[in-house]
Each structure stands twice: as C-alpha cells, then as structure tokens.
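Inspection log for the structure reproduced underneath, given as structure tokens.
The values are calculated or read from the model by the stated rules, or taken from the named source; none is laboratory data. Bear in mind the structure is a predicted one, so any value in this text is a computation, not a measurement. Because the Cβ atoms are built from the backbone with ideal geometry, glycine has one as well, and the counts that use them run over all protein chains shown. Remember, those area values only see protein heavy atoms, side chains included, never the ligands or the DNA or RNA. Shrake-Rupley method; radii C 1.70, N 1.55, O 1.52, S 1.80 Å.
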Amino acid sequence: MATLTVPPVPPSPRDDALQLYRAFKGLGCDTSAVINLLAHRDATQRAYIQQEYKTMYSEELSKRLASELSGKLESAVLLWLKDPAGRDASIIRKSLVEVRSLEGATEVICSRTPSQLQYLKQVYHSLFGVYLEHDIQANTSPGSDHQKLLLAYISTPRPEGPEVNREIAQKDAKVLYKAGEKKLGTDEKTFIHIFSERSAAHLAAVSAYYHDMYGHSLKKAIKNETSGLFELALLTIVQCAIHPGKYFAKVLHKAMKGLGTDDSTLIRVIVTRTEVDMQYIKAEYSKKHRKTLNDAVHSETSGHYRAFLLSLLGPNI
C-alpha cells in the first residue's frame, strides 16, 4: 500500500502549474510551497502538471526546479517528478554509466516484475537511444555471474501469477542445494537459471522448501556460497519474492546505519516505493527496529530535504 496522500478534490493541473510559477517568482524560491504541492500529487497528476507548465510558461518544469533547488532536495524532487518507468530507467542509467556504482541498478532490476521490466526496456531505449542490455554489457564485469544474471533476468519471460507447482519447487530447492552447499565450489549457472526463469511466487515456495529440507534459509545459503554484486542480485530477487516490504526496510536501515547517511539509497527507495508499498515497508521497519521509519529519517536528514521525504512517508504512526 502507498503512503502518498493527495487532496480529496485535487486542484486542476493548470492551477497547480500557476501555484508553482508563483513559488518560483520573486527573490528566492518558496520551497515549502513547492514541496507541499508536489509531494501530494500522484504520478498521473504530476505528468499533467508538467504538460500544463510547459504550455503556460514555455519551459520544462524539471529545468525550472533544477535551477531553483539544489543538493539532495533537488535530486529527490526531480526523481519524484518522473513517471515510474522513466524514473527506474534514469536510476539504472546513472548507476551503470555515470557513477559506476552498480548497487542501484542491481536493486531496481532485481526487484521489478517481468512486465515492469519489459516496459522499462522500451522507455530506456527511447530516453537514452541505447538498449539496456548494451549498457549492462558495457558497464558490468565482462562474463561475470552478476552480468549474466542481470541479462537473463531482464530478457527471460516469467509468469507473474500466484500459481506454484509444488513438485517443481521442491525439486528446485534440491537442485540449488546440490549446486551450492552440497558441493565444493558453487555451480553459479544453476542459480542463474532458476532465479531468472521462475516466478516470484515459485521462488518464495522454493525458499520455504529449502528451509524445511535443510534447516536454514536459502538466503543464508546464498550468503555462504556467493559474494559481491552476484550475491546482492540473488538476495534481492529472493527477498522481493518472499516479502518486498521487509527487504526494502532492511535497505533503508542499512542506508542510515552508522556514521553518515547513504542519501542516494534513501532517496531511491523512498521515492520509488511511496506509490507502491511504503505502508508495508514502514510496518516492517518499526517491527524490526522499534522506532518508526519517519523518526529514523527525521534524525538523519534536515531542512526542506527532510520535509519532502517525510511528506512522502505520510503520517508518523
């Protein structure tokens, strides 16, 4: 469930565009007005506002925001402005090509459904004039298991329904055990095959059977048998198959743990999950850490940046 709150009777996109224009006018930007408006509009409303703004003022709203805002707030607001597929595409592109830190791209690819990935590939090509497969090949370690898994994951059709063939799931659990913990070394090919070809519901069943048959989780086996980005990709796929809320709560906790804050992760997860399942993420976070996600974000951020993220997170319950 989403945490986004929109006005019961939303103003027209034209009125919203006018309000934003007024917030930009004069000396300095009325940042609070910008946040209060944009943080309470859904993806469709934000798209209409951008269209109206361009029609009325002959400039892109995103360009105007980029010149009025700065730093982390600017990054968060500009990411929020995009439609979900365009946003995923820009996160992946930045992760693969610009910053060359592959965690963000790995997380986004391995946590999306097959139909989301198919659409994302089209959007990626139309935005950047290059195929996602090409960027993955060019910017990940050549021939690595991580590269092979990402390429297989974005190109293999997988069912999305809740149906599970128990017999095959049980067999897959045995096959994974033989390919990993039972032998010296790891048969990565088998892991790639099963993780890229099976549905989320099926992998959740495989994980349950694995635990029943071998006394510990498939997640633990992956941690023991693999490492680095390949491990991250496998863990993301299996944890999002079982409980995405729990997985993203863990990612957010890690981003805020210890000295300093990993703001790019904080922004990425909050912005991409607000309209999807942030209620579940918040519930898992407070269950596990005995403090609310809102309180954690409040203590790790400040100013308008803090206000924007907390607006997306909704009431502190």
Flag if residue 216 is more than 21 Å from residue 112 (Cβ to Cβ) and in a helix (DSSP H, G or I)
no
Residue 159 vs. criteria surrounded by fewer than 20 Cβ atoms within 10 Å (Cβ to Cβ), outside any helix (DSSP H, G or I) and under 21 Å from the mean Cα position of the chain (by Cα):
yes
Scanning for something outside any helix (DSSP H, G or I) and of a type outside the set (S, T, N, Q), does region 239-246 turn up at least one residue?
yes
Need pairs with beta-carbon distance below 7 Å; first residue within 28 Å of residue 121 (Cβ to Cβ) and of a type in the set (Asp, Glu) and within region 155-171, second open to solvent by less than 100 Å² (accessible area, probe 1.4 Å) and assigned to a helix (DSSP H, G or I); sequence gap 6+ or separate chains.
160/114; 160/115; 163/201
Hey, among the residues in region 50-81 that are within 18 Å of residue 264 (Cα to Cα) and without any contact (Cβ under 8 Å) to a residue 12 or more places away in the chain, which one's most open to solvent (accessible area, probe 1.4 Å)?
70
Need a quick list: helices (runs of 4 or more DSSP H) entirely within region 59-107 having at least 1 residues that are closer than 29 Å to residue 149 by Cβ, in the same structural domain as residue 22 (by the TED database) and of a type in the set (A, V, I, L, M, F, W, C).
none
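Out of 233, 249, 208, I need the residue that is assigned to a helix (DSSP H, G or I), more than 23 Å from the chain's Cα centre (by Cα) and of a type outside the set (Asp, Glu). Which one?
Among 233, 249, 208, only 208 is assigned to a helix (DSSP H, G or I), more than 23 Å from the chain's Cα centre (by Cα) and of a type outside the set (Asp, Glu).
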Within region 12-34, track down each residue that is modelled with pLDDT of 95 or more and part of a loop (DSSP other than H, G, I, E, B).
12, 29, 30
Check residue 287 against each of (1) in contact with a helix residue (DSSP H, G or I) (Cβ under 7 Å, 6 or more places away or on another chain); (2) over 25 Å from residue 150 (Cα atoms); (3) assigned to a helix (DSSP H, G or I) and name the one condition it does not meet.
(1)
